[in-house]
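A quick write-up on the structure given underneath.
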Amino acid sequence: MSVSRFRPRGDSGAYAVLYAGLVVVMIAMAAIVVDLSSVRQDRRLNRSAADAAALGGAGFLLPTGTINPNLACVTAWQYLNATLQLNLSSGSITSNCSSFPTVYGSCPSDEIDQDVVVGTRTIRIAWPVPSTGGSGFLNADIAPGNIGQPFDGSSKAGDGSTAGCDRLGVAISQHQGFGLAGAFGPSGTDTQVHSVALAVVSSGPG
């Protein structure tokens, strides 16, 4: 009489499938972390560039001096060109500011702005920046989802005039595509930053 022996089935195949799935999940998480880190880094760079450009350009909008909106725009673009390494020629920068007057007579009722696409970025310089309307630099319409900056016309607020000819606005929108993470979800994301600088005359330090 023969006795048949049964060998229990091994689980090595099931574990191999489990490990393969775990590796895919880990790769996806690493890819998402890397891409989101890149997005945050670029947004910080755009924020610094917008702040520097607005501050640099606003120096040519002093109410007690000679207001030159065109020079304010050109200066803002020079800051952007250096900070973001856009490699724009002086002729391109001049062209980017063709909408802005070189001679100031009176404050226009409507905002003057010019959008320029440079690579994955869309950059807008705006003057004046009125307290309401326009492209909404003070209302955050230029950057959906961001907290707005309410206008305060009191003497201590430092918001300047309601017409906004003493303010220069700089906005940067950028579309950033995802690398490997795009295979596991959205192909990219859009970020927006905007800055407004006010030209003031102060006798104090700074």
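Grab the Cα-Cα distance for Thr102 and Ala14, subtract it from 0.36 nm times how many residues apart they are, and report the gain in nm with one decimal.
Stretched out fully, the Thr102 to Ala14 stretch lengthens by 24.3 nm.
Among 92-101, 64-73, 47-56, 165-174, what's the highest-first ranking by average C-beta atoms within 10 angstrom per residue?
Order by mean packing, descending: 165-174, 47-56, 64-73, 92-101.
Can you figure out the FRET efficiency of Met29 with Asn87, using R₀ = 45 Å and their beta-carbon distance, to the nearest 0.05?
The calculated FRET efficiency here is 0.80.
What nm value, rounded to one decimal, do you get for the distance between Leu22 and Leu62 when each label is placed 7 Å out toward the C-beta?
6.7 nm
If you take every residue apart from His175 with its C-beta less than 11 Å away from the C-beta of His175, what net charge results, scoring Lys and Arg +1 and Asp and Glu -1?
Details: positive: Arg121; negative: Asp42, Asp190.
Residues close to His175 contribute a combined charge of -1.
May I ask you to compute the full-extension gain from Arg44 to Gln78, defined as 0.36 nm times their residue separation minus their alpha-carbon distance, rounded to one decimal in nm?
10.4 nm
Rule-based calculations on the coordinates, nothing more; no lab input. Given the structure is predicted, the values throughout are model-derived calculations rather than measurements. Methodologically, a virtual Cβ is constructed for each residue, glycine included, from the backbone with ideal geometry; neighbour enumeration extends over all protein chains shown.
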